[in-house]
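Input: a single structure, listed below in structure tokens.
Read-outs throughout are calculated quantities, based only on the coordinates presented, and are distinct from any laboratory measurement. Only a predicted model underlies this, so the values are computations on that prediction, with no experimental measurement involved. For neighbour counting, all protein chains shown are included, and Cβ atoms are generated from backbone atoms with ideal geometry for every residue, glycine included.
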Amino acid sequence: MLELNPKEVELAREIISHGLVKAAESLSFFMNETITLQEFDQEKHLCTPPPEINKKDQTNIQLLITKVIGELNGVCCLIFSEEEANQLRQSALPPEILNSPEMMAEMSDGILLEVDNIISASVITQFSNILKVKIHGGVPALRKVNYAELEEYIHHEISNELYLISFKTSFKSSHVSFAPEFVWLFDNSFIQNIKNLATKQEEGTN
Amino acid sequence: MKKVLIVDDSLYMRTLINSALIATGRYEVIGQAGTGSQGIELALEHEPDLITMDNILPDMIGIDIVKELRAEGLTSKIIMVSAVGQDDVVEEGRSNGADDYLVKPFTAEILVERIDNLFA
């Protein structure tokens with residue numbers, strides 16, 4: 001496995017933070033309020049998997065999955081509790097949909113999928129622009145799982161896809177009960193691209 | 001009234017675009033497609049004044065659809081509406097026949113403003 005030196009870890013932290021800030025901006029759009037991020041600590045979060053998810057007491061967890069396709073191989077998981085998902089629906093959907101049981105039946109999952117699509121793309125766009133790699137997100141998928149199933153999914157992805165690097169953040173809002181989590185898993189290609197960029201930057205300064 | 005075709009796999013996004021355009025009184029949505037192949041079929045059948053085109057569809061990439069429609073001689077205005085916002089992808093969309101490229105998320109006001117500009 002490739003390892004990052006301290007300078008490369010700092011560069012990775014900057015790139016990841018930049019991407020996640022864009023994700024928070026996109027989520028703010030749907031929540032109609034400023035959403036911020038839990039402070040990103042590379043010692044805790046830029047590490048080999050698996051990251052710990054803070055939803056152990058939840059049963060109907062809404063797990064949104066988007067594969068990263070192209071020159072980086074990875075996956076991101078946007079994780080809402082049932083209550084957080086309902087808060088998002090209430091903020092993002094217009095009254096004519098919220099007040100129509102028929103439309104809500106159609107849109108209830110659709111809005112989560114679209115939010116995931118946009119939030120993951122916000123991050124992927126930043127990674128693509130900064131690392132100069134051609135990547136995009138696949139069509140998102142939604143699974144409703146309990147905590148054990150969530151853990152099993154992440155472990156399965158890590159072992160099957162050989163993901164070696166993970167990072168996780170939580171979004172924060174003024175509502176104490178709204179703190180969705182955002183997990184990213186990448187294989188060696190991410191590390192290699194960080195190393196390539198660090199080398200280019202070093203050559204540029206010499 | 002300008003005739004509009006919406007191509008997007010997200011029902012939420014199709015509803016948002018539809019509502020924003022109808023509210024202006026200047027646009028009539030003549031069709032909605034959730035896949036690329038359905039979008040091509042409706043575009044060639046109706047030859048709308050405007051197409052809003054998502055970039056990542058279950059069966060096709062939006063930029064490839066734009067290329068195909070332009071190769072068929074379709075002159076409709078096309079605005080790409082996508083969460084994919086990389087600089088090179090936006091440029092690729094424009095250089096392959098899209099008249100504009102709007103990155104999600106956006107407000108209804110921004111969408112209408114950008115579409116109005118295409119007909120100004």
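How large is ³J(HN,Hα), in whole Hz, for each residue of region B:102-112 in order, when computed from phi with the Karplus curve 6.51 cos²θ - 1.76 cosθ + 1.60 and θ = phi - 60°, using x for Gly and Pro?
10, 8, 6, x, 8, 8, 4, 5, 5, 4, 5
How far is helix A:6-31 tilted off the main Cα axis of chain A, in degrees rounded to 10, range 0 to 90?
Tilt relative to chain A: about 20 degrees.
With label points built 7 Å along Cα→Cβ from the Cα atoms of B:Ala71 and B:Ala120, find their separation and express it in nm.
Distance between the two pseudo-spin positions: 3.4 nm.
Peptide B:7-13: average number of partner chain Cβ atoms within 10 Å per residue?
Values: counts 0, 1, 6, 10, 8, 13, 5.
Per residue, the number of nearby Cβ atoms from other chains is 6 on average.
Where does each of B:Val66, A:Val9, B:Val90, B:Val7 land when they are ranked from fewest to most other beta-carbon atoms within 10 angstrom?
Working: B:Val66 24, A:Val9 16, B:Val90 20, B:Val7 29.
Ascending number of Cβ neighbours within 10 Å: A:Val9, B:Val90, B:Val66, B:Val7.
Cα axis of helix A:188-205 to longest principal axis of chain A: angle in degrees, 0 to 90, nearest 10?
50
How big is the protein assembly as shown on each of its three principal axes, counting only the C-alpha atoms and giving the largest first in Å?
Extents along the principal axes: 59, 52, 33 Å.
How big is the shadow of the Cα convex hull of chain B, averaged over all directions, in nm²? It would help to have the intermediate numbers written out before the result.
Values: hull surface 25.6 nm².
In nm², the orientation-averaged hull projection of chain B is 6.4.
Which whole-Hz ³J(HN,Hα) couplings does region A:81-92 yield from phi under the Karplus relation 6.51 cos²θ - 1.76 cosθ + 1.60, θ = phi - 60°, glycine and proline marked x?
Karplus-based 3J(HN,Hα) across region A:81-92 equals 6, 4, 5, 5, 4, 5, 4, 5, 4, 4, 7, 8 Hz.
To one decimal place, what Kirkwood hydrodynamic radius in Å is obtained for region A:8-144 from all pairs of distinct Cα atoms?
On the way: mean 1/r = 0.0619 Å⁻¹.
By the Kirkwood definition, the hydrodynamic radius is 16.2 Å.
Sequence-distant or interchain residues sharing an amide H contact under 5 Å with A:Ile165, placed H: which?
Placed amide hydrogens put A:Phe186 under 5 Å from A:Ile165.
Which ³J(HN,Hα) values, rounded to whole Hz and listed in residue order, are derived for region B:69-74 from phi using the Karplus coefficients 6.51, -1.76 and 1.60 in 6.51 cos²θ - 1.76 cosθ + 1.60 with θ = phi - 60°, glycine and proline given as x?
Per-residue couplings from phi come out as 5, 5, 5, 7, x, 5 Hz.
Under 18 Å between alpha carbons, and skipping anything fewer than 8 positions from B:Lys104 in its own chain: which lysines qualify?
Qualifying lysines at Cα under 18 Å: A:Lys22.
Starting from 0.36 nm per residue, how many nanometres of slack lie between A:Glu83 and A:Ser100 once their C-alpha separation is accounted for?
Working: separation 17, 0.36 × 17 = 6.12 nm, distance 1.98 nm.
Working it through step by step, the gained length comes to 4.1 nm.
Given only helices, namely DSSP H runs of n ≥ 4 each adding -39500 (n - 2.57), what is the per-residue ellipticity at 222 nm of chain A, to the nearest 500 deg cm²/dmol? Can you show the working numbers first?
Values: 7 runs with 109 residues, N = 206.
The helix contribution divided over chain A gives -17500 deg cm²/dmol.
Which of the aspartates and glutamates could be linked to A:Lys132 by a straight reach, that is with a Cα gap under 12 Å, when you skip same-chain ones fewer than 8 residues away?
Within the straight-line cut-off, A:Lys132 pairs with A:Glu71, B:Asp87, B:Asp88.
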